[in-house]
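Worksheet: the structure to be examined is printed underneath.
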């Protein structure tokens, strides 16, 4: 059963000069942990704000649990828990005061619904008298998640919840999301971190307001399995320039000390490249064929999309 249905959403800013969402359509199943993956400025927050009934699209429609985001905004606000990307709780209130405030807004109480957040709240309870503004990044995110859950929502909208959080806290946060999903809550989470895609049931890759692909991570990797090669040399700047000047190079991007390279004709061109680099005086080359990661696939999809729209 579909919990969220988005049809042909378009949203612009600055007198229609900035296209934030470009004909976006998505269907998200009940109980799904769905990831919206893309860089800053891709349109993730705009889409979340539309689903949370905080923005009205220029055109298209969106339904959350059967409710229209424009006509039925009051009903949606009762069943959705929204955690914005920027920490938006009251920093001059304590942990406990923030929780009590948000419980009161939804006509409930911390005492009545504490069982909903016990597992998460137990980690921040020792700091319940501390001002929210004085918490660490990981603790702030746990408090924000508690406030989003306190009214027992059917759907969670989490906008880049792990941005700026240390790796240990990131893992803990995703473990908590897995347990919330097991309780039947539909979770839509956005992130710029490609490695977090593996924690989602399905993902949508978004760039410049356009959905590039919607699938499971495994199926995306199977679909986009073009040969990819890692090439590196101590002379990194000269190497990447020469690879890009090679006539059959399709793409070449730096990944740390290594360049990830694809070719027009796959492995045949790879052998030609090695000869080409020797002719250019680059003999200390280390190279191998590798499996494309989600970052490589995302770059490939962007290049294909740009070629189509060129």
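Quick notes on this one:
- One residue from 257, 306 being in contact (Cβ under 8 Å) with a residue 24 or more places away in the chain and not assigned by TED's automatic domain parsing to the domain that holds residue 194: 257
Rundown of residues vs (1) assigned to a loop (DSSP other than H, G, I, E, B); (2) modelled with pLDDT of 95 or more; (3) touching a helix residue (DSSP H, G or I) at 6+ places or on another chain (Cβ under 8 Å); (4) not assigned by TED's automatic domain parsing to the domain that holds residue 211, yes/no style:
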{"site": "46", "(1), (2), (3), (4)": "no, yes, no, no"}
{"site": "57", "(1), (2), (3), (4)": "yes, yes, yes, no"}
{"site": "62", "(1), (2), (3), (4)": "no, yes, yes, no"}
{"site": "71", "(1), (2), (3), (4)": "yes, yes, no, no"}
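- Put simply, of 277, 272, 301, 282 the only residue that is out of contact with any strand residue (DSSP E or B) (no Cβ under 7 Å at 6 or more places or on another chain), more than 16 Å from residue 229 (Cα to Cα), surrounded by 14 or more Cβ atoms within 10 Å (Cβ to Cβ) and touching a residue at least 24 places away in the same chain (Cβ under 8 Å) is 282.
- Selection from segment 1-11 of residues that are at pLDDT below 95 and part of a strand (DSSP E or B): 2
- Residue check, residue 38 in the same structural domain as residue 59 (by TED's automatic domain parsing), modelled with pLDDT under 95 and either farther than 25 Å from residue 309 by Cβ or in contact with a helix residue (DSSP H, G or I) (Cβ under 8 Å, 6 or more places away or on another chain) (or both): yes
- Residue count for segment 269-294, restricted to those that are modelled with pLDDT under 90 and outside any loop (DSSP other than H, G, I, E, B): 1.
- Restricted to segment 161-176, and to residues there that are touching a helix residue (DSSP H, G or I) at 6+ places or on another chain (Cβ under 7 Å) and part of a helix (DSSP H, G or I), the residue that is surrounded by the most Cβ atoms within 10 Å (Cβ to Cβ) is 173.
- Count of residues meeting criterion [buried (at least 19 other Cβ atoms within 10 Å of the Cβ), touching a strand residue (DSSP E or B) at 6+ places or on another chain (Cβ under 6 Å) and part of a loop (DSSP other than H, G, I, E, B)] in segment 116-160: 2
- Some residue of segment 81-97 being in a helix (DSSP H, G or I) and in contact with a helix residue (DSSP H, G or I) (Cβ under 8 Å, 6 or more places away or on another chain): yes
The values are calculated or read from the model by the stated rules, or taken from the named source; none is laboratory data. Being a predicted model, the structure only gives us computed values, none of them experimental. Please note: Cβ atoms are built from the backbone with ideal geometry, for glycine as well, and neighbour counts cover all protein chains shown.
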